[in-house]
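> Once you've had a glance at the structure underneath, I'll fire off some questions.
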Amino acid sequence: QEPDGKLDGEGKEIVVLMPSRSNAYLAQWIRGAEKAAEEANYKLTIIENNFDQTEQDAQAQQRINSPNQPVAYVWWPADNQAGLATLRRLSRTDVPVFQVNQAVRPEAENMVVAYAGVDDVFNGQVGGKNALAAREAFLAQGGELSSEGGNLVILKFIPGYSAGDDRERGFLEATKDAPFNVVASEYAGFDNASGYKAMSQLIPSIRSGGIDFVYGGSDGPVTGAVQALEEVGLVPGKDVLLFSATCIADISALESAKEFATGVQSAGLEGWFSINVVARYFEYGETVEEGTFIAPDDADARPEFNSAPSKINIIPNPQVVVGTDPATAKDKLAEFKLWGETFQDHCVY
Amino acid sequence: MLEIENLSKAYGPVQALSGVSFSAERGRVTALLGENGAGKSTLVKVLSGLISPSSGEVNLDGSPVDLSSPERALGSGIAVVQQEISVLSNLTVAENFLLAHSSRLLNRRRAADWCKPYLERLGLGRIPANAPVSDLTIGERQLVEIARMLAQDAEVLVLDEPTAALADHDIELVHEAVRRLASENKIILYITHRLNELEEICDDVVVLRNGQLADRFETQDASINRVVHAMIGRELEELYPPRVEYSGQRPEPIVRLEGVTTDDLVQPLSISVCPGEVVATCGQLGSGLVEPLRAISGISETRSGKVYFGSANGKARSVIDGVAYCSEDRQHDGFFNNRPVWESLSAPALAATGIWGFVSPQRMRKSVDGIAERMTILPAYRDRQVSALSGGNAQKVSIGKWLSNDPKVLLLEEPTRGVDIGARAEIYALLRSLAEEGMAVLFASSDLDEVLGFGERVLIFHGNRMVHEAPTGELSRDTLATWITHGGLESR
Amino acid sequence: MNANFLKDANFQVRLAIGVLLVLGLSATIPGFVSVPNAGSIIENVGLIGLIGTGIMLTMVVGQLDLAVASVAAVAAIIALSLAGVSIALGIVIALAVAGVYGCAVGYIIDRTGVNSLVLTVCMLIGLRGLALMMTPDRPAILPFEMFWISDALVAQWGPLTLLGVICLVIIGIVGLAMRQTRLGLSMYAVGGNVERARGSGISTRRVYMAAFAGSAILGAIAGILAALRSGSASGLGFESFLLAGITVAVVGGIPLEGGRGTVINVLLGALIIRLISSAVALGGIPGSFESIAVGGILLAMLLLDYGLGRRRQAAAAGSRADPGSIQTQQ
Amino acid sequence: MADLKADSPASYGQGGADEKSAERKWLRDLTPFIPIIALGVLAALTIDGFGTAPNLIAIVQASAITGIAAIGVAAITICGKFVSLSIEQQAVTSAYVFAALYSAGTPVALAMLAALLVSALLGLIQGYLVSRGLNPIVTTLAFGSALFGAVVLLADNRTITLNPNPIAWLGGGTTFGVPNQAIIFLILVAIGSFLLSRTKIGRQLVLTGANPEAAELVGIPTKRIVMIAFIVAALAAAIVGILVVGQVSQAKSDMFRGLTIDVVAAVLVGGIAIQGGEGQLWRAGYGAIVLTMLSNVMLLLGVDAGARELLKGLLAGAVLIFMTVLRNRSR
Ligand SMILES: Nc1ncnc2c1ncn2[C@@H]1O[C@H](COP(=O)(O)OP(=O)(O)OP(=O)(O)O)[C@@H](O)[C@H]1O
Ligand SMILES: Nc1ncnc2c1ncn2[C@@H]1O[C@H](COP(=O)(O)OP(=O)(O)OP(=O)(O)O)[C@@H](O)[C@H]1O
Ligand SMILES: [Mg+2]
Ligand SMILES: [Mg+2]
């Protein structure tokens, strides 16, 4: 029927193959996705694996073989690289495949109809912008850089996790004109505990050289780092400025201005957006436009998406700078809005 | 001819064998004697390739034999029955035979016919080859093991206390088999603590003491005294301590069973034991002789009937009711092998005081010195691990531990199984003195001499029921033997 | 070792459970009864069956190998990193490495008497590290032009895939070896009681080395096959193998005391577990339900065996009561 | 005759025996310290900033969580039931219970108590099963799997964030510059060691591990003791859960990834005899410190993550084998 902008999947099934929702981010993603599916009247089936590619392969195999096929597969590989062969098999079925959250690898470009979700290099660049802002603020409040460009500690996620490396890459790109002096780049996991552990063990060896900035892949490790710094008497927001690429669940450091800035990568929003892309694909004659589409970061209301999706669809990851003054931090956060929802709505789950 | 040339073996500090040399003739049964820890089993383990000697070598018919591994030993014609039962209880009888078979591939179909004759030779004809060993009694298991050794048709056959766990009629079967082998001109080493077996089957006697060759002679020149002297290096005035004659009648019974039955006791049993009394239960393995003890100690559920302690009644909780129980398998549950001796000795006292509250290790350590003295356990060994002790001393620990919370009733299964004659005398003396202090001693034994020599009263069991009760004074060895084998005097 | 397993109560119960699951799922889940679905179930039964069989080997000798998952990862990475040169060569080398490693573990356990459980935990940690070292930033990948291999593996002939067939054949061979060779029997003997096995003239060293080499190699094969199927192997991969393998063995009814258990048990266990997972995959049931189900069934099986074990003991006690038991038993 | 008999066992050179075994014992007791001494020396020489007080404190601090859980598990190990593989899930559970109750308005003390009770109950259940003869490894593995599923389900996979965080001081604060976590850790080690060696229950725990059958026969309530050991482990896990919530002011389902393995490694490296029946609880905590120190050193040396894991595994294995060999020798 003619595209009327009103999405209706007539209750057809979309199958999502993704890692386990035992991780809070994924759980929130699913809530968003279910919202979108409901709006567009699709039946969403979620097949979780325990962050294990072998398991996911088996599940995909099983689903491919079952007689009643969905209208679309949504592919969130447990391991982007290791998932290739299975992705290839999915693409061989005549069901369209959409990849989400993990950027499509070059080999796989013609295996997926479209990609929707975050762009970790882009996130990294946001982190980079935060970094530059932080350096200005640092100098503005009369801080002394310990070295040309300032001493920086980078906290990555875990070994072998591509998003972490992408964020580092994006960060370095964004700061290559005015580079920082990276004194340590260490794996610090996804949450406060691991971030704390990594930082508190790094400090003794690098402290003498001076620590000006800490960049974390997300707020999780950064919040841990804040605590580690405080324990050795360094004052976050004054002696050291910390910032991250994306928010996740814990915003205490931001509210107290101990973390200088972050970016709003909203799990729920990503989930909603990803399924919305699928729905629009069917609504607008099963076509995708070439090129990359970065969703606008309108503050007050969710933008109208009434056109066919693009080959690559990126969610917004707006910068949030709370600065270094605890007094004003909360208000700065309160002002923030993205698609009509507050910082809290996006970042706390 | 098997020649053993100055064989030595040290376990760390322990010199288990030092320079032992002797030879065993073909067609003769050579008895290997010695008290616990003399080194017999060590010698056997060397012969079976389980452990490698520190020095020395072994020749068979002039040529040296390779004992570097159990298989090699077997390959060079030495078959062994270890002291500990070593048939696998998770396999079937036939599979146990196959283990010893030389071929890499198994022929399960033929296995049954193959092992049948050997089983029959030991009176196990009724046991199907595919029966799981776990269904066999301990005695049957021992016989199966000997049968398996026969199947290996080796030149040298070594049996380490093969009859320790057997009842008389099984022992007879073993003796027949051994004689047969001798007549087939094999070389046989036969280890035992039952001295009466000497004249029954043995031709030569070799005696070890503290890992050295103490004496060597032919059976016909052997007198009990000579043997004992060779074993323990001194005369043994008497094995069993003298009885005390009782004036007047006994005090109140301390334990009474009334119409008690258990899984393994099919007929209601009513007995009582008085303080100061030494009572034996006698019978063949699995005849239910241990059941009264287990019922009193509460190890076996009583299906019906009641157990009375003094005047009170109810199921025994050993500590509270002053009941001490030593099972027949001391290695398994008699003491704490990898802990210092003193901890085993103090364990019951510790347990008796419940689990809440504080204790001082030093004080516990001190508290057991008295017991250790009484059990003649050397100070040097009280802080060693129990595993460093030899059979006799280990048995002393497993009995002695109970003295720490002076019990009123002492229940012992096979108190001297595998314990050498010297240590036995000590244990008897100790038990006697305990009885004189008013402790009631009830022990289960399938060793007739022990029953008659040490017990004052005997309860005879057969086919899981008590068939007779009498003062030992009124029984001859033969009548007792008839009772336990036939469950009656008129032989059927 | 119970030759005639069909008489075995544990086995009957499990068979019943398996059958009930099949019926229940076919009734409730649309598209469950279909040749392709049967195909992928068989394929995955084979895959975790391989791991289960490896773990079974170590359980039979009375030990437990917890390092299979890490071994699988390392082996898979070796094989695929060498794929550029020659995949066959890669596989051979990977298996050789696994074999040597397994022998070493078996040797150490026999020589020092160290507890296998904890030794293999150390190996689990160490080898996982090694796997990460070998794939510093990106996983080892099968060259794109070799993807035909992974397609061939999962191509369906009726209810069978090449992958499934390979696994089942290997499992079958192991099963035969366990039953028909003296080494196999010796494994059961050692598992029954090491001291007695020694006393019966068995070389425990050979047995332990065989068991651990076996589990390492089977784990490696599973890893390599899985890696070929997905075209790459990452340092973090295959972690689910361990839990899967143990679950399969225990659910299949292999007692942890050792001395018992056959590949039949493993396959049965694998089937039960796979049925559950495939229900999850087809029905889109939240993963948390799966972990509850698997944990629950594992506990249920433990309790079942415990109950049956006590029944057997009672029976044994009874049989002790009447000396004639032996004749009456048959 | 008694004396004659008495010196017959002595006749195999006991004097020498005593010296030898004494010196061996000494060596055995020293064994577990070798790695930490070696490490310390190596690090102090090669790395600046290693020897500094802050770094050493940071190490104790970083090992506190693993260490506390490890001394709990050690109770299980010593009573002869190997280890619990459900520590991770137990910690998560109590973290959630505490966080959920508190944010639902329950007073802090009450929420803590509840978390401890729930954990103790879970421990009791596992302990009951194991004391009845179920295999501890598989039982706890299965239980953990089921427990985790249940918790994730109940928590609706949400992160519970506490602000304000009432026990930040507990999880994060310091006293005289020493992190409270570290202090709690050291206190627990001390208490644990004392209980084990100087209370009836402690001694009986050891004996139960040394030989359950014998223990049962002499009247030690082995089943109850096993259950208590599991409860202790569960409580330790609960403490860990609460402390970490205090530290990071949130409860997440994946907050303890990998804790179980670290704990087991700690118990091993500490040199606790895995077959049970050998005392000394502090070894577990000590093992945790060694491992942290190891990774700390390698981190400061810039060794990459993989190599760190590899070395961790090898070290644990080496200590394990060394201990076993010495133990066999000294017998
Ligand atoms: N594995 C071992 N480690 C240390 N010492 C041992 C070991 N096995 C035996 N011994 C010691 O070696 C000596 C000889 O032991 P062996 O078993 O040969 O004595 P035996 O003559 O067989 O005694 P029994 O009549 O009790 O069987 C004993 O002192 C024993 O304590
Ligand atoms: N004291 C005993 N007297 C007679 N028979 C016994 C005795 N102990 C065990 N048995 C026999 O052994 C059978 C199984 O007992 P047990 O539990 O010891 O088996 P198992 O553990 O497989 O064998 P093992 O203990 O030798 O490994 C019993 O049914 C009984 O027939
Ligand atoms: Mg002996
Ligand atoms: Mg047994």
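> Select from the range A:199-226 the residues that are among the small types (Gly, Ala, Ser) and surrounded by fewer than 24 Cβ atoms within 10 Å (Cβ to Cβ) and write down the one among them that is farthest from the other protein chains (Cβ to nearest Cβ).
Ranking the candidates gives A:Gly210 first.
> Looking at the range A:163-180 only, could you name the residues that are surrounded by fewer than 19 Cβ atoms within 10 Å (Cβ to Cβ) and either modelled with pLDDT under 85 or part of a loop (DSSP other than H, G, I, E, B) (or both)?
The answer is A:Lys176, A:Asp177, A:Ala178, A:Pro179.
> Quick check on this structure: which one of D:Thr222, D:Thr292 is closer than 29 Å to D:Leu147 by Cα and in contact with a Pro (Cβ under 6 Å, 6 or more places away or on another chain)?
So the residue among D:Thr222, D:Thr292 that is closer than 29 Å to D:Leu147 by Cα and in contact with a Pro (Cβ under 6 Å, 6 or more places away or on another chain) is D:Thr222.
> Do we find that B:Val290 is closer than 22 Å to B:Leu430 by Cα and within 14 Å of chain C (Cβ to nearest Cβ) in this structure?
Values: closer than 22 Å to B:Leu430 by Cα: yes; within 14 Å of chain C (Cβ to nearest Cβ): yes.
Yes: the conditions hold for B:Val290.
> Moving to a separate point now. When both residues are 6+ apart or on different chains and their Cβ atoms are under 7 Å apart, which pairs have a first residue that lies in the range B:27-55 and is in the same structural domain as B:Gln212 (by TED's automatic domain parsing), and a second that is of a type outside the set (S, T, N, Q) and within 16 Å of ligand 2 (Cβ to nearest atom)?
B:Leu50/C:Arg198
> Which members of the range B:377-414 meet the condition of being in contact with a Ser or Thr (Cβ under 7 Å, 6 or more places away or on another chain) and either of a type in the set (Phe, Trp, Tyr) or more than 16 Å from ligand 1 (Cβ to nearest atom) (or both)?
The answer is B:Lys401, B:Ser404, B:Leu411, B:Glu413.
> With a cut-off of at least 1 residues that are crowded, with 20+ Cβ neighbours inside 10 Å and without any contact (Cβ under 8 Å) to a residue 60 or more places away in the chain, name the strands (runs of 3 or more DSSP E) lying wholly within the range B:180-294.
Fully inside the range B:180-294 and qualifying: B:255-262.
> Please work out which one of (1) over 24 Å from C:Arg206 (Cβ atoms); (2) more than 7 Å from chain D (Cβ to nearest Cβ); (3) of a type outside the set (D, E, K, R); (4) without any contact (Cβ under 8 Å) to a residue 24 or more places away in the chain is the condition C:Gly129 fails and give its number.
Among (1) over 24 Å from C:Arg206 (Cβ atoms); (2) more than 7 Å from chain D (Cβ to nearest Cβ); (3) of a type outside the set (D, E, K, R); (4) without any contact (Cβ under 8 Å) to a residue 24 or more places away in the chain, C:Gly129 violates only (2).
> Name the residues in the range B:10-48 that are in contact with a strand residue (DSSP E or B) (Cβ under 9 Å, 6 or more places away or on another chain), of a type in the set (Ser, Thr, Tyr) and near ligand 1 (Cβ under 7 Å from one of its atoms), would you?
B:Ser41, B:Thr42
> Could I ask something else about it? Out of the residues in the range B:137-166 that are in a helix (DSSP H, G or I) and of a type in the set (Gly, Ala, Ser), state the one that is farthest from ligand 3 (Cβ to nearest atom).
My answer is B:Ala151.
> Let me ask you something else. So B:Gln82 passes all but one of these: (1) within 11 Å of chain C (Cβ to nearest Cβ); (2) closer than 22 Å to B:Ala182 by Cα; (3) touching a helix residue (DSSP H, G or I) at 6+ places or on another chain (Cβ under 6 Å); (4) away from ligand 2 (no atom under 16 Å from the Cβ). Which condition number does it fail?
Only one criterion in (1) within 11 Å of chain C (Cβ to nearest Cβ); (2) closer than 22 Å to B:Ala182 by Cα; (3) touching a helix residue (DSSP H, G or I) at 6+ places or on another chain (Cβ under 6 Å); (4) away from ligand 2 (no atom under 16 Å from the Cβ) is unmet by B:Gln82, namely (4).
> On to the next question. Can you say whether B:Arg374 is buried (at least 19 other Cβ atoms within 10 Å of the Cβ), of a type outside the set (Phe, Trp, Tyr) and over 24 Å from D:Thr199 (Cβ atoms), as far as the supplied structure shows?
no
> Hey, can you tell me all the residues within the range C:110-123 that are at negative phi and at the interface with chain D (Cβ under 7 Å from one of its Cβ atoms)? Even if it seems obvious, please write down each step before you answer.
At the first step, the residues of the range C:110-123 found to be at negative phi are C:110-112, C:114-123.
Selection gives C:Thr112, C:Val114, C:Asn115, C:Leu117, C:Val118, C:Leu119, C:Val121, C:Cys122, C:Met123.
> Evaluate the following for B:Trp356: is it at pLDDT 85 or above, more than 16 Å from ligand 1 (Cβ to nearest atom) and either within 24 Å of the chain's Cα centre (by Cα) or not assigned by TED's automatic domain parsing to the domain that holds B:Ala324 (or both)?
Here the answer is no, as B:Trp356 does not meet what is asked.
> Mind checking which residues of the range B:49-79 are of a type in the set (Ser, Thr, Tyr) and facing chain C (nearest Cβ under 7 Å)?
Hit for the range B:49-79 is B:Ser69, nothing else.
> If only one of B:Ala16, B:Ala10, B:Ala94 is away from ligand 3 (no atom under 16 Å from the Cβ), small (Gly, Ala, Ser) and within 14 Å of chain D (Cβ to nearest Cβ), which one is it?
Just one listed residue meets the conditions, B:Ala10.
> Quickly run through the range C:198-213 and pick out the residues that are in contact with an Asp or Glu (Cβ under 9 Å, 6 or more places away or on another chain) and either within 15 Å of C:Leu242 (Cα to Cα) or in a helix (DSSP H, G or I) (or both). Before the answer, list the steps.
Looking only at the range C:198-213, we keep the residues that are in contact with an Asp or Glu (Cβ under 9 Å, 6 or more places away or on another chain), and these are C:199-209, C:211-212.
If the condition is that a residue be in contact with an Asp or Glu (Cβ under 9 Å, 6 or more places away or on another chain) and either within 15 Å of C:Leu242 (Cα to Cα) or in a helix (DSSP H, G or I) (or both), then C:Gly199, C:Thr204, C:Arg205, C:Arg206, C:Val207, C:Tyr208, C:Met209, C:Ala211, C:Phe212 are the ones that fit.
> Further question: Can you give me the number of residues within the range C:280-330 that are modelled with pLDDT under 80 and assigned to a helix (DSSP H, G or I)?
The qualifying residues number 20.
> Looking only at the range C:244-258, decide whether some residue is in contact with a Lys or Arg (Cβ under 8 Å, 6 or more places away or on another chain), surrounded by 24 or more Cβ atoms within 10 Å (Cβ to Cβ) and either farther than 29 Å from C:Ser186 by Cβ or within 14 Å of chain A (Cβ to nearest Cβ) (or both).
No - not one qualifying residue is present in the range C:244-258.
> Pairs, please: C-beta under 9 Å, at least 6 apart or cross-chain, first residue without any contact (Cβ under 8 Å) to a residue 12 or more places away in the chain and in the range B:377-391, second more than 16 Å from ligand 2 (Cβ to nearest atom) and hydrophobic (A, V, I, L, M, F, W, C)?
B:Leu378/B:Ala372; B:Leu378/D:Ala6; B:Leu378/D:Ala10; B:Pro379/B:Ala372; B:Ala380/D:Ala10; B:Ala380/D:Ala17
> Of the residues D:Val297, D:Val269, only one is more than 7 Å from chain C (Cβ to nearest Cβ), on the phi < 0 side of the Ramachandran plot and touching a Ser or Thr at 6+ places or on another chain (Cβ under 9 Å); which?
Every option except D:Val297 fails the conditions.
> Is it the case that some residue within the range C:69-91 is without any contact (Cβ under 8 Å) to a residue 12 or more places away in the chain, assigned to a helix (DSSP H, G or I), of a type in the set (A, V, I, L, M, F, W, C) and out of contact with any helix residue (DSSP H, G or I) (no Cβ under 7 Å at 6 or more places or on another chain)?
Yes, the range C:69-91 contains at least one residue that is without any contact (Cβ under 8 Å) to a residue 12 or more places away in the chain, assigned to a helix (DSSP H, G or I), of a type in the set (A, V, I, L, M, F, W, C) and out of contact with any helix residue (DSSP H, G or I) (no Cβ under 7 Å at 6 or more places or on another chain).
> Here's another thing I want to ask about it. For residues in the range B:372-405 being in a helix (DSSP H, G or I), within 21 Å of B:Gly37 (Cβ to Cβ) and among the aliphatic types (A, V, I, L, M), which is nearest to the other protein chains (Cβ to nearest Cβ)?
B:Ala380
> Would you confirm, using the coordinates I've provided, whether B:Glu3 is more than 26 Å from B:Leu143 (Cβ to Cβ), more than 16 Å from ligand 1 (Cβ to nearest atom) and either away from chain D (no Cβ under 14 Å) or not in a strand (DSSP E or B) (or both)? Quick ask: steps written out before the conclusion?
Working: more than 26 Å from B:Leu143 (Cβ to Cβ): yes; more than 16 Å from ligand 1 (Cβ to nearest atom): yes; either away from chain D (no Cβ under 14 Å) or not in a strand (DSSP E or B) (or both): yes.
Against the criterion (more than 26 Å from B:Leu143 (Cβ to Cβ), more than 16 Å from ligand 1 (Cβ to nearest atom) and either away from chain D (no Cβ under 14 Å) or not in a strand (DSSP E or B) (or both)), B:Glu3 qualifies.
> Looking at the range B:59-73, is at least one residue touching a residue at least 60 places away in the same chain (Cβ under 8 Å) and near ligand 1 (Cβ under 9 Å from one of its atoms)?
no
> Sticking with this one: Return a yes/no flag: does the range B:423-443 have any residue that is touching a helix residue (DSSP H, G or I) at 6+ places or on another chain (Cβ under 7 Å) and either at pLDDT below 90 or within 7 Å of another protein chain (Cβ to nearest Cβ) (or both).
Yes: the range B:423-443 contains one or more residues that are touching a helix residue (DSSP H, G or I) at 6+ places or on another chain (Cβ under 7 Å) and either at pLDDT below 90 or within 7 Å of another protein chain (Cβ to nearest Cβ) (or both).
The values are calculated or read from the model by the stated rules, or taken from the named source; none is laboratory data. Worth saying up front: this structure is predicted, and the values here are computed from it rather than measured. Quick reminder, even Gly has a Cβ in these numbers, built from the backbone with ideal geometry, and neighbours come from all protein chains shown.
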